[in-house]
Amino acid sequence: MPKFLQPKELCLENGLEVYTIEGGGQDLCRLDLVFQAGSKVQNKALQAGMCNALLFEGTLQKKGEEIHESLDFYGAYTQLDINPDRAVVSLYTLNQHFDKVLPIFIDALKNAIFPEDEFKVILAQKKQSFIINSEKVEFKARNAFFKTLFEDHSYGFSVSLEDFENISREDVLDFYDQHYKNASFKAYVAGLMPVNGEAILNEYLGNWQVKKTPVIQEYSSEVKNEKIHIAKEGALQSAIRIGRVCFNSHHQDYHRLKFLSVVLGGYFGSRLMSNIREDKGLTYGIGAMCVHQEESGYFSISTEVKGEGTQLALQEIYYELKRLREELISDDELSLVKNYIMGQVLKSADGPFAQASLLKNMHVQGVGFEFYDTYQTILNNLDAKALRDLANKYFQEKDLCEIVVGNSLFFVTSDQ
């Protein structure tokens, strides 16, 4: 396991939790503000994404161009990110300018007005991207997959073309007021802490009105075994998604199931890659993963294959799942995958910025770096028979949802 830098926890005057991970030899830092403003809390399609994208596009005193030029002058820049659970607003800056850059950053964030002109431009850009993506088989398969797995949860929601006509600037302002201005969030500083950094943070973040973090309700769903084939005439490739709702990292089986997903399709030499790419030549890539979500989790196999190879690819995917259910994984393969996973963990924890990103993810899961001690113990005690039993528990074909999008000429049956 990597040597994790010990995070220091600060508590500002308003109760805001700030975690600092100091390290690195460069005189710079990154400030991340992690808001509970993911798409799952929106009341209307596009609210969360549009709000996040427009945060630095203007205040009453400054246009977006002026804000970005002011940050550029000091060599600083912002980064925005959003997923169903969280929205992240990041500032990268040289330490010597932290006291000058932070006021610009916080003023823009706390006083955003979402100008109508900028709103229309970004909405038009997102609409155009949506129209282009809607013609892609992978996009259709992904949306159908999550809609099927999470049909009564926001994790399964997907945008429609009509949503771009129904969203307004006022909708975005409402979301901003509720989930940014009066928000539950945490802050992370990675790199070298600026001189007087805590005092500066207190001055500009210590008066933010911070809500208490709400209690998370975990979602459980019935197993779906639907086989949905969606026709996309003229498509040269078929997109395949196979998987199921399972659980997040709090479940006792999560780490072992994640290990099985790596064996199956989590690295270049995995079983699915060796079979379907290297041996059959049906795809450039195929992957399997077990994914943590704050309220749930899922297992997924995804690929795009040559249209004429659709049925063969499906056959071979189920064959590899059957092998996991019936055969013991060899000691050599167990060792290989363990070493690969450990290498990925080491890579993901290389430096203070990377470790701060890991800590953010750990906090979403309700844990800290001790998570990796548990992970290490489980990896060290993996047992081939127990893994086979786990495959029989979670990888039965009758418990898996199958989505295929492509030319109907390559379907044996078409359900949709």
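Using a probe radius of 1.4 Å on heavy atoms only, what accessible surface per residue do you get for region 109-256? Whole Å² is fine.
Values: 7710 Å² over 148 residues.
Value returned for region 109-256: 52 Å² of accessible area per residue.
Quick one: work out the % antiparallel among DSSP beta bridges in the chain, nearest 5. Please report the intermediate quantities before stating the final value.
On the way: 47 of 58 bridges.
The antiparallel fraction comes to roughly 80 percent.
Which value in nm describes the separation of the simple spin-label points at S274 and Q396, placed 7 Å from the Cα toward the beta carbon?
Between S274 and Q396, the simple spin-label model gives 2.8 nm.
Return the carbon/sulfur percentage of the accessible area of region 117-205, one whole number, probe 1.4 Å, all protein chains in place. Spell out each step's value before the answer.
Working: 2110 of 4460 Å².
Of the solvent-accessible surface of region 117-205, carbon and sulfur hold 47 percent.
Ranked from highest to lowest mean number of other Cβ atoms within 10 Å per residue, what is the order of the peptides 176-183, 159-166? Before the final figure, lay out the partial values.
On the way: 176-183: 17.6, 159-166: 13.0.
The most tightly packed comes first, giving 176-183, 159-166.
Work out the length of the dipole vector of the chain about its Cα centre, built from +1 on the beta-carbon of each Lys and Arg and -1 on the beta-carbon of each Asp and Glu, and round it to the nearest 20 debye. If you can, show how the numbers build up before the last one.
Numbers: 43 positive and 58 negative charges, 145 e Å.
The dipole magnitude comes to about 700 debye.
Per residue of the chain, what 222 nm ellipticity follows from adding -39500 (n - 2.57) for every DSSP H run with n ≥ 4, rounded to the nearest 500? The partial results should precede the final answer.
Working: 14 runs with 164 residues, N = 416.
That comes out to -12000 deg cm²/dmol.
So which of K62/K100; K224/K393; K100/K211; K62/K110; K227/K398; K258/K338 end up more than 21 Å apart by C-alpha?
Values: K62/K100 16 Å; K224/K393 15 Å; K100/K211 27 Å; K62/K110 13 Å; K227/K398 10 Å; K258/K338 12 Å.
Distance filter (> 21 Å) returns K100/K211.
Tell me which aspartates and glutamates have Cα within less than 12 Å of K3's Cα, excluding those fewer than 8 residues away on the same chain?
Leaving aside aspartates and glutamates fewer than 8 places away in the same chain, those within reach of K3 are D350, E370, D373.
Let me have the relative contact order for the chain, percent, based on Cα pairs under 8 Å that are six or more residues apart.
Working: 726 pairs, mean separation 93.9, N = 416.
That works out to 23 percent.
Could you sort 336-348, 317-329 so that the peptide with the highest average Cβ count within 10 Å comes first and the rest follow in order? If you can, show how the numbers build up before the last one.
Numbers: 336-348: 14.5, 317-329: 16.8.
Going from most to least packed, we get 317-329, 336-348.
Determine the share of region 336-416's accessible area contributed by carbon and sulfur atoms, expressed in whole percent, with a 1.4 angstrom probe. If you can, show how the numbers build up before the last one.
Working: 1980 of 3840 Å².
Ligands and nucleic acids excluded, carbon and sulfur reach 51 percent.
How high is the FRET efficiency between N111 and D331 when r is their beta carbon distance and R₀ equals 60 Å, given to the nearest 0.05? Before the final figure, lay out the partial values.
Working: r = 61 Å, r/R0 = 1.01.
That pair, N111 with D331, gives E of 0.50.
Can you list the lysines whose alpha carbon is less than 16 Å from that of K44, not counting same-chain residues fewer than 8 positions off?
The qualifying lysines are K126, K127.
Which helices of the chain meet both criteria: a Cα extent of 20 Å or more along the helical axis and a mean Kyte-Doolittle score no lower than -0.5, with helices taken as whole DSSP H segments?
The answer, listed by residue number, is 116-133, 331-348.
Along the Cα→Cβ direction, 7 angstrom out, place labels at S158 and H250. What is the inter-label distance in nm?
Placing both labels 7 Å beyond Cα along the Cβ direction yields 2.9 nm.
After finding the eigenvalues of the alpha carbon gyration tensor for the chain, what semi-axes result from the square roots of 5 times each, listed largest first in whole Å?
Values: eigenvalues 318, 159, 67 Å².
Each semi-axis is the square root of five times an eigenvalue, giving 40, 28, 18 Å.
Could I have the simple spin-label model distance between Y284 and Q125, label points 7 Å from Cα toward Cβ, reported in nm to one decimal?
2.5
If you consider only alpha-carbon coordinates, what radius of gyration and Dmax does region 195-305 have, in Å?
21.1, 62
Could you work out how far the C-alpha centroid of region 290-360 sits from that of region 112-166, in angstrom?
One Cα centre to the other: 27 Å.
Starting from the Cα gyration tensor of region 19-112, take the square roots of the eigenvalues, sort them a ≥ b ≥ c, and report rounded, prolate or oblate (rounded when a/c is under 1.5, otherwise prolate if a/b is larger than b/c, else oblate). The partial results should precede the final answer.
Working: a/c = 2.77, a/b = 1.36, b/c = 2.04.
In terms of gyration-tensor shape, oblate.
The values are calculated or read from the model by the stated rules, or taken from the named source; none is laboratory data. Values in this document were obtained by computation on a predicted structure and should not be read as measured data. Because the Cβ atoms are built from the backbone with ideal geometry, glycine has one as well, and the counts that use them run over all protein chains shown. The area values use the complete protein model at the heavy-atom level, side chains included, leaving out ligands, DNA and RNA. Shrake-Rupley method; radii C 1.70, N 1.55, O 1.52, S 1.80 Å.
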